[in-house]
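Every read-out reported here was derived from the displayed coordinates using simple, explicitly stated rules and does not represent laboratory data. Keep in mind the model is a prediction, meaning the values are calculated, not measured. Here the Cβ is made from the backbone with ideal geometry for all residues, glycine too, and neighbour counts use every protein chain on show.
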Amino acid sequence: MIKKNSKFILQIVISTIITTIILLVYFYFAHGLPVAHELERASAVSVQIMQGNETVTLTNDEDIEQAVNIVQVLSFRFGEANGGLADTTCTFDLGDGSKMEIGANNDTIFKNGRQYVGVNDSCKLFGNLMQGIFFPETMP
């Protein structure tokens, strides 16, 4: 009886692991991986956003939270990025004294000096949201 139950439980565990792996692979190919998964509102003290020749520094809690939320839309896949320069860059001053720099152009994400391939127009969405919210005067 115990041997039969343990065999059944083992089959459930194995099928659960296989299903989880399949779902993770699907999620990666469909949505990519988040670039700034470790960035939280509570850890950011201020944010400096640069877009073109314009720069804005955010110290208000609501504005910092908005900037953190916008950066969360950036997703990447492994591969060789096209490079270039970032159109929009956010520099987060963190509570522990460190900095996190995240930026993007049309198809490449830049994080702390590294480049990543953007997924599903997340780079364009990031740039448009930053421009619309923090630089509305530059909108056409």
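I want to verify a result. In a Gaussian network model of the chain, Cα cutoff 10 Å, which of these has the top mean-square fluctuation: S98, S15, S75?
S15
So how tilted is helix 61-71 from the main axis of the chain? Cα-based, degrees 0 to 90, rounded to 10.
Between helix and principal axis, roughly 60 degrees.
To test your reading of the geometry: what angle, between 0 and 90 degrees and rounded to tens, separates the Cα axis of helix 122-134 from the longest principal axis of the chain?
For helix 122-134, the angle is close to 40 degrees.
How far apart, in nanometres, would the label points at L24 and L125 be if each is projected 7 angstrom from Cα along the Cα-to-Cβ direction?
2.3 nm
How far is helix 2-31 tilted off the main Cα axis of the chain, in degrees rounded to 10, range 0 to 90?
20 degrees
Given R₀ = 25 Å, FRET efficiency for N69-T138 by Cβ-Cβ distance, to 0.05?
0.75
Per-residue ellipticity at 222 nm for the chain, helices alone: DSSP H runs ≥ 4 residues times -39500 (n - 2.57), over residue total, nearest 500 deg cm²/dmol?
The helix contribution divided over the chain gives -13000 deg cm²/dmol.
For the chain, what Kirkwood radius comes out of the mean inverse Cα-Cα distance, in Å?
When all Cα pairs of the chain are included, the Kirkwood radius is 16.9 Å.
Stokes-Einstein diffusion coefficient for region 70-118 at 25 °C in a medium of 0.890 mPa s, Rh from the Kirkwood formula over Cα pairs: what value in µm²/s?
Taking Rh from Cα pairs, D becomes 220 µm²/s.
Please give the Cα centre distance for region 1-43 versus region 62-140, rounded to the nearest Å.
29 Å
What length, rounded to one decimal in nm, is gained on full extension from L85 through to D107, with 0.36 nm per residue of separation minus their alpha-carbon distance?
6.8 nm
Label points 7 Å out from Cα along the Cβ direction at I17 and H31: separation in nm?
Taking the simple label geometry, I17 and H31 are separated by 2.5 nm.
Taking the Cβ of G127 as the center, what net charge do the other residues with Cβ under 13 Å away carry, scoring Lys and Arg +1 and Asp and Glu -1?
Neighbourhood net charge equals -3.
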